[in-house]
1. Along the stretch 154-169, what does the Karplus equation 6.51 cos²θ - 1.76 cosθ + 1.60 (θ = phi - 60°) give for ³J(HN,Hα), rounded to whole Hz, x for Gly and Pro?
2. Long-range amide H contacts for T117: which residues qualify at under 5 Å (H placed 1.01 Å from N, peptide plane, sequence gap of 5 or more or a different chain)?
3. Under a 5 Å amide H to amide H cut-off, with H placed in plane at 1.01 Å, what residues pair with F150 once short-range neighbours are removed?
4. Quick one: if the Förster radius is 41 Å, what FRET efficiency do T182 and S39 give, using the C-beta to C-beta distance and rounding to 0.05?
5. Taking every DSSP beta bridge that has both residues in the stretch 140-225, what percent is antiparallel when rounded to the nearest 5?
6. Kindly work out what percent of the DSSP beta bridges joining two residues of the stretch 38-134 are antiparallel, to the nearest 5.
7. Based on alpha-carbon centroids, what's the gap between the stretch 147-206 and the stretch 127-145 in Å, whole number please?
8. How high is the relative contact order of the chain? Use alpha-carbon pairs under 8 Å, at least six apart in sequence, and give a whole percent.
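Taken together, the values in this text are just the output of simple stated rules run on the coordinates, not laboratory data. The structure presented is a predicted model; accordingly, all values stated were derived computationally and were not measured. Using ideal geometry, Cβ is built from the backbone for each residue, glycine included, and neighbour counts are taken over all protein chains shown.
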Amino acid sequence: MKSSIKFFLLGLIGILPLLFGCGGGGGESGPDTTPPVVSIVSPANGATNVPTTSTVSVTFNEAMNSSTINATTFTVTAGGTPVAGAISSSGTTYTFTPSGSLATDTLHTVTVTTGATDVAGNAMAANFTSSFTTVSVPVTVDVSIGDNFFTPQSITIKVGDTVRWTNNGAALHTTTSGTSPTANGIWGSAILASGESFSFTFTQAGIFPYFCSVHPGIMTGTVTVQ
Ligand SMILES: [Cu+2]
């Protein structure tokens, strides 16, 4: 009898660690209940002069159920009218590629609805919206060169527009970018005889002073590009 009690006690000691030990591993987390959010949108919200060949992409902060990101839940509208296109994905980024060029000079709205869910099935807390405006149709604006002035002296154009200077005077003149008398190399015509023209297309916004290198300090002008 004594030996059987001893074996029983030894056995009890042997299983104690199984009953009470090894509890410190922990680290298991509860189910994912956090709504996903759009962390990056391209073009950026409020962007202007967006090329009409742009695609539109949204990047989520976590893995999504890709079947829930479709033509119903991820849309682009132009002036309220849906834009036709296809959706593709790479990682957590979903890209809308329009079927054709976007409309020019138009406010576009990007929407991702709460129908989009993450892989755990959590919907976005609210619809995501963002907007951007496409470039306007480029135009050519004329500036007349006289003896000795530019007319109009100051003009305001949009990104993508072209300025065409024409020498309507009798003397020789140039149009040279920079603050007179220092050229900055953005553009510079050859010396223009009467009747000759020079054109330059502005691809960046900014304020661009220029002058005539034949008559520095006398002939200056400014192109403001928005
Ligand atoms: Cu001049």
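1. 10, 10, 10, 10, 10, 4, x, 6, 10, 9, 10, 8, 10, 7, 9, x
2. Amide H to amide H, under 5 Å and 5 or more residues apart or across chains, T117 pairs with N65, T68.
3. Correct list: T220.
4. Details: r = 45 Å, r/R0 = 1.10.
Calculated transfer efficiency: 0.35.
5. On the way: 20 of 30 bridges.
Bridges in the stretch 140-225 that DSSP calls antiparallel: roughly 65 percent.
6. On the way: 29 of 31 bridges.
Antiparallel bridges make up about 95 percent of those DSSP assigns within the stretch 38-134.
7. If you average the Cα positions of each part, the centres end up 21 Å apart.
8. Working: 489 pairs, mean separation 34.9, N = 226.
Value for the chain: 15 percent.
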